[in-house]
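**Q** Here it is: the structure, laid out below.
None of the figures in this text is laboratory data; all of them are computed from the coordinates on show. Predicted, not measured: the structure shown is a model, and the values here were computed from it. Cβ atoms come from the backbone with ideal geometry, glycine included; neighbour counts cover every protein chain shown.
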Amino acid sequence: MRADDAVIVINAGSSSIKFSLYAGAELALRAKGKIENLYAGQTRFVAQDAAGSESASHAWPGAPLAHDEAMHYLVQYAQGHLDGLNVVAIGHRIVHGGTEFSGPVKLDADVAARLERLSPLAPLHQPHNLAPVRSIFALAPQVLQVGCFDTAFHTAQPPLAQAFALPPEITEQGVRRYGFHGLSYEYIASVLPELDGRLAGKRVVAAHLGNGASMCAMRGGRSVASTMGFTAIDGLPMGTRCGSVDPGVVLYLMDELKMAPGDIQRLLYQQSGLLGVSGISSDMRTLERSSDPRAKLAIDLMVYRIGRELGSLTAALGGLDGIVFSGGIGENSASLRSAVGRDAAWLGVQLDAAANAAGPAAAASAVGGAFRISAAGSAVPVWVVPANEELMIARHAQSLLEA
Ligand code: ADP
């Protein structure tokens, strides 16, 4: 890539499209922004410069946009604000690559159609991830588009870690463990050896704790096991998702409580987790400020489940050499990290309370936005690494461009 070449990364969800613009071979972040509240009342666009200051905004009061209209706006905005940069590739975050895509792929009509066929495996995400790809085929067909998958990093897991104890004719239909948040874990794996030489090639459990939350066991930077399985509701309790429940619960909801499939889906994806248990909010900040015992219960349940999964993933690794926290909660909630650290004392984890509370500015070991929160004598180093799926996607797009 030349200095004036740029890569745009698109992360499209059900109600928002986020973008980041990177320039030059070193992929310097130049701008980022989002259009949010698609289809709802107050669609809004905001852009930020590299320093994070707001550089543009726009609102569509009372006339909510759909994905294709939002992409049309973004492409026009980008064309008017490139400052001489030449967009050479667009990278997309796509939740599901199935068993077929174990790495980034150049997107053309055929690949897009194959990815579309995976939509039943991720109906709430895959169609939205693919909508901008189609828009760009129409609006800027000459630009290289690259698909990067949340599942791809986990295709390295051993077969046992990917299996359910179900008959083969069910597994053959794609019912198996995939794992998600793979781009976040891949980014963590890529920076960890620089952050802490002791962790290079070692056994690490990373926790990506945002609105969606999961944990991943990695050995030598490769995924060995993860808490999310067939779908992104498995594993930990999340903002509004329940995490693991006994599958018998779903049968009971259907057969005895007579809930329709759509109602069960809403319950498990949108009305459970921190929101469902607390009855107050899915937002960790709100729960941490609340004195309501249900808020405390929701947080305690998340901490308890993280601790149990940490034990399980440590078993899958045959031991533990390091822990990483990431995602909005993992990066910002010192109290959650402190509780997880306390419960993991049996693994040799000892946090440095001051470093944990103070964040990157005050930590003894800080690199970029990442910082170490374990005490000097902790048998297991513990780091906080800001999530950066977008940069991972930009790097993949750059590699494919140069391949
Ligand atoms: P997403 O998965 O949608 O990308 P994020 O990674 O942004 O979500 O994480 C959102 C979560 O992070 C919310 O629960 C939010 O409350 C939490 N969070 C953000 N900042 C803080 C903070 N300072 N303290 C505690 N939790 C925080």
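**Q** If packing is taken as the average count of other Cβ atoms within 10 Å, what order do 258-267, 274-283, 7-16, 183-192 fall into, highest mean first?
**A** 183-192, 7-16, 274-283, 258-267
**Q** Within the chain, how many lysine pairs that are 8 or more places apart, or on different chains, have C-alpha atoms less than 28 Å apart?
**A** 5
**Q** Also, quick follow-up: Using per-residue counts of other Cβ atoms within 10 Å, averaged over each peptide, order 372-385, 306-319 from highest down.
**A** 372-385, 306-319
**Q** Let me check against my output: what whole-number percent is the relative contact order of the chain, with C-alpha pairs under 8 Å and at least 6 apart?
**A** Result for the chain is 14 percent.
**Q** Could you list log10 I(q)/I(0) for the stretch 4-70 at q = 0.20 Å⁻¹, which the Debye formula gives when each Cα is one point scatterer?
**A** Values returned for q = 0.20 Å⁻¹ are -0.78.
**Q** Given all pairs of different Cα atoms, what value in angstroms does the Kirkwood hydrodynamic radius of the stretch 266-403 take?
**A** 16.6 Å
**Q** Checking a compactness column here: for the stretch 120-170, what do you get for Rg(Cα) / (2.2 N^0.38 Å), N being the number of residues?
**A** 1.64
**Q** So, how do all the Cα-to-Cα distances of the stretch 168-296 break down into 5 Å bins, in percent, from 0 on up?
**A** All Cα pairs considered, the percentages come to 2, 10, 15, 16, 16, 15, 12, 8, 4, 1, 0.
**Q** Moving on to the next point. Let me have the 222 nm mean residue ellipticity of the chain computed from DSSP H runs of 4+ only, each contributing -39500 (n - 2.57), with the sum over all residues rounded to the nearest 500.
**A** Calculated at 222 nm, the ellipticity per residue is -11000 deg cm²/dmol.
**Q** Give me Rg/Rg_expected for the stretch 42-168, where Rg uses Cα atoms only and Rg_expected = 2.2 N^0.38 Å with N residues.
**A** Ratio of Cα Rg to 2.2 N^0.38 Å: 1.28.
**Q** Right, here's the next one. Using the alpha carbon gyration tensor of the stretch 225-311, what are the three equivalent-ellipsoid semi-axes (square root of 5 times each eigenvalue), largest first, in whole Å?
**A** 23, 17, 10
**Q** By how many nm would the segment from F164 to A66 lengthen if fully extended, with 0.36 nm per residue of separation less the alpha-carbon distance?
**A** 31.5 nm
**Q** Remind me, relative contact order of the stretch 271-403 in percent, using alpha carbon pairs under 8 angstrom and six or more residues apart?
**A** After rounding, I find 18 percent.
**Q** Restricting to Cα atoms and excluding each atom paired with itself, what does the Kirkwood estimate give for the stretch 180-236 in Å?
**A** Final number for the Kirkwood radius of the stretch 180-236 is 11.5 Å.
**Q** Binned at 5 Å from 0, what are the whole-percent values of the Cα-Cα distance distribution for the stretch 29-68, short to long?
**A** 6, 27, 26, 17, 14, 9, 1
**Q** Using Cα-only point scatterers and the Debye equation, what is log10 of I(q)/I(0) for the chain at each q in 0.07, 0.08, 0.09, 0.11 Å⁻¹, rounded to two decimals?
**A** Here the Debye-derived log intensity ratios amount to -0.33, -0.43, -0.56, -0.85.
**Q** Over the Cα atoms of the stretch 95-202, each weighted equally, I'd like the Debye log10 I(q)/I(0) at q = 0.13, 0.23 Å⁻¹, rounded to two decimals.
**A** Values returned for q = 0.13, 0.23 Å⁻¹ are -0.59, -1.24.
**Q** What is the distance, in nm, between label points placed 7 Å from the Cα along the Cα-to-Cβ direction at R285 and at R114?
**A** Those two pseudo-labels are separated by 4.2 nm.
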